[in-house]
Amino acid sequence: MKKLSFLLLVLVGSCQIIINEEPSYYDTRDDLVGRYQIDEYSETTEEYFSYNIEILKSYNSNEVILYNFYDVGIDVIAQFNGYKLIIPRQFIGDYEVEGTGRLNDGELSISYIVRNNYQTPSTDFLYFTAWRTGY
């Protein structure tokens, strides 16, 4: 009986189970890419604005580009990790931009600061909520 148990143990122990799974090519930026309707509020001027932006993937695997940011035609680079968006401080033309945001159930919310020494007031504190209108 011991020999049979040992033989069974060796036989089962020598079996190799191989699970062949297809690699996942899911890119979290796909959840963010598209055209958006923006509802923006300036805490500085206490005004509301509405405009459109487009978000596309950057060449870097964790970055996206926000086109027509601040409704002045500037393109802003942001880092995206699946739900959190970070706009690192960057200088684009006369503008200095930085901010953070998040994507939650298809709704994009961003708080950010824009500085421009050629306009009054020179610093604008804003936030917006955006809804995807197309891909």
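Where a number appears in this text, it was derived from the coordinates with a stated rule and is not lab data. Since the structure is predicted, the reported quantities are computational estimates derived from the model, not experimental observations. Here Cβ is always computed from backbone atoms with ideal geometry, including for glycine, and neighbour counts include all displayed protein chains.
If I model a spin label at Ser50 and Ile92 as a point 7 Å from the Cα along the Cα→Cβ vector, what separation in nanometres do I get?
Roughly 2.3 nm, to one decimal.
For the chain, set up a Gaussian network in which alpha carbons nearer than 10 Å are linked by springs, and say which option among Gly34, Gly101, Gly73 fluctuates the most.
Gly73
Helix 2-13 versus the longest principal axis of the chain: what angle, 0 to 90°, nearest 10, using Cα atoms?
In the chain, helix 2-13 runs at an angle near 30 degrees to the longest axis.
Show that you can apply the helix-only estimate: for the chain, add -39,500 (n - 2.57) for every DSSP H stretch of four or more residues, divide by all residues, and state [θ] at 222 nm to the nearest 500. Walk me through the intermediate numbers first.
Working: 1 runs with 12 residues, N = 135.
Computed ellipticity for the chain at 222 nm equals -3000 deg cm²/dmol.
Would you mind estimating how fast the chain diffuses translationally, via Stokes-Einstein at 10 °C and 1.306 mPa s with the Kirkwood radius over Cα pairs, in µm²/s?
Values: Rh = 17.6 Å.
The Stokes-Einstein estimate is 90 µm²/s.
Between Asn60 and Ile18, how high is the FRET efficiency from 1/(1 + (r/R0)^6) when r is the Cβ-Cβ distance and R₀ = 30 Å? Nearest 0.05. Show your work: numbers first, answer last.
Working: r = 35 Å, r/R0 = 1.17.
Plugging the Cβ-Cβ distance into 1/(1 + (r/R0)^6) gives 0.30.
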